[in-house]
Amino acid sequence: MEIGLVHYLSVGAVLFGLGLLTVMTRKNAVGILLGVELILNAAALNFVAFEHFVAGGVSGQVFTVFIIVLAASEAAIALAIVLQVFRNYRSIMADRLTSLKG
Amino acid sequence: MPPLSAIAFLGLAALTLGSAGIVAFSKNIIYSSLALLGTFTGIAGLYITLSADFLAATQILVYVGGTLTLILFAVMLTSRIEDMKVSNPRAGLPAAFGLVTLVLLVLGKVATSTPWPSEAKPAMPSTAKLGHAFLTEYLLPFELGSIVLLSAMVGAVVLARRAVKRAWEKG
């Protein structure tokens, strides 16, 4: 059995699907962030797979490094916001944060 | 007996997707966060099979060492002990399942029906080439990335700190 591009793409696609499912169904704000991390990892895996099998060079890995940088900053900012929301509302369940609802 | 690379790929893919399944379906937010460890490690292993050794090390360092620790801190600081049993509830599962199935069908169709000009290459270390690319062709984005990290760090500190009013501050 030869492992090719399609195998890596399938892993990336299923990982993306699980991340999407997590983002759509979770109520806990930290749980939603976990889904975002899954989606970012799936995209990064696709970049590296395409670079290895199709494009050549290192540009795919460069993009993956930027994805990791952005994911780290996103996690830091988002978790700081989650912390502040918890201090103000005593809950981070997304369906209870309804102050902005008209 | 299948070749070693196929066994490695299948094991790593199973680790990645199995842990991602726990992240998506566990009722306890702590189990979900800790299962992210398996996903990140599996992805790092897949990077190694794709000859991206520097990325594998970065994945472990940044995600497992940094992001996961941060997420665990956030979980511990925000989940109240008494509702720990169902700390990660769900809503709208059937609709989400339908949409995700649709997305996966489209992705699978694209991935299998497009004739990618792919060729199997031998696994080669690529760290030197990556470093060279960062210091020549991608120098400006690299520096911008460090500015993004700095501003994100400052922003996170400003957002997360508790505002303490000194005695001489009004209002």
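The values are calculated or read from the model by the stated rules, or taken from the named source; none is laboratory data. Everything numeric here is computed off the predicted structure, so don't read it as measured data. Here the Cβ is made from the backbone with ideal geometry for all residues, glycine too, and neighbour counts use every protein chain on show.
Taking the criterion of being under 24 Å from A:GLY35 (Cβ atoms) and either at pLDDT below 90 or of a type in the set (D, E, K, R) (or both), would at least one residue in region B:124-144 satisfy it? No: zero hits. With the condition kept exactly as written, say whether any residue in region A:58-69 is assigned to a helix (DSSP H, G or I) and touching a residue at least 24 places away in the same chain (Cβ under 8 Å). Yes, the conditions are met somewhere in region A:58-69. For B:GLY108, the conditions (1) of a type in the set (Gly, Ala, Ser); (2) facing chain A (nearest Cβ under 7 Å); (3) outside any helix (DSSP H, G or I) are fulfilled apart from (3). Could you say whether any residue in region B:39-53 is closer than 16 Å to A:ILE92 by Cα and either at pLDDT below 90 or of a type in the set (D, E, K, R) (or both)? So far as region B:39-53 goes, no, none of its residues is closer than 16 Å to A:ILE92 by Cα and either at pLDDT below 90 or of a type in the set (D, E, K, R) (or both). Report yes if B:PRO115 is over 25 Å from the mean Cα position of the chain (by Cα) and within 26 Å of B:SER32 (Cα to Cα), otherwise no. Spelling it out, it is not the case that B:PRO115 is over 25 Å from the mean Cα position of the chain (by Cα) and within 26 Å of B:SER32 (Cα to Cα).
With respect to the conditions (1) surrounded by 17 or more Cβ atoms within 10 Å (Cβ to Cβ); (2) part of a helix (DSSP H, G or I); (3) polar (S, T, N, Q), A:SER91 lacks only one, and its number is (2). Restricting attention to region A:34-57, the residues that are at the interface with chain B (Cβ under 7 Å from one of its Cβ atoms), touching a residue at least 24 places away in the same chain (Cβ under 8 Å) and within 14 Å of the chain's Cα centre (by Cα) add up to 3. Among residues belonging to region A:1-33 that are touching a strand residue (DSSP E or B) at 6+ places or on another chain (Cβ under 7 Å) and at the interface with chain B (Cβ under 7 Å from one of its Cβ atoms), point out the one that is modelled with the highest pLDDT. Looking at the filtered set, the residue picked out is A:THR25.
Taking the conditions (1) over 13 Å from the mean Cα position of the chain (by Cα); (2) facing another protein chain (nearest Cβ under 7 Å) in turn, B:VAL62 satisfies each one other than (1). Looking at B:VAL154, B:VAL100, just one residue is within 23 Å of the chain's Cα centre (by Cα) and surrounded by 14 or more Cβ atoms within 10 Å (Cβ to Cβ), and that residue is B:VAL100. When you check A:LEU9 against the structure, is it under 23 Å from B:LEU12 (Cβ atoms), among the hydrophobic types (A, V, I, L, M, F, W, C) and either in a helix (DSSP H, G or I) or over 11 Å from the mean Cα position of the chain (by Cα) (or both), yes or no? In short, yes.
B:PRO141 - would you say it is under 19 Å from B:LEU55 (Cβ atoms) and exposed (fewer than 12 other Cβ atoms within 10 Å of the Cβ)? Criteria not met by B:PRO141.
Being more than 18 Å from B:GLY38 (Cβ to Cβ), buried (at least 22 other Cβ atoms within 10 Å of the Cβ) and either out of contact with any Phe, Trp or Tyr (no Cβ under 9 Å at 6 or more places or on another chain) or of a type outside the set (Phe, Trp, Tyr) (or both) is a property that does not hold for A:THR98. The single condition from (1) hydroxyl-bearing (Ser, Thr, Tyr); (2) over 22 Å from A:ILE3 (Cα atoms); (3) modelled with pLDDT of 90 or more that B:SER26 fails is (3).
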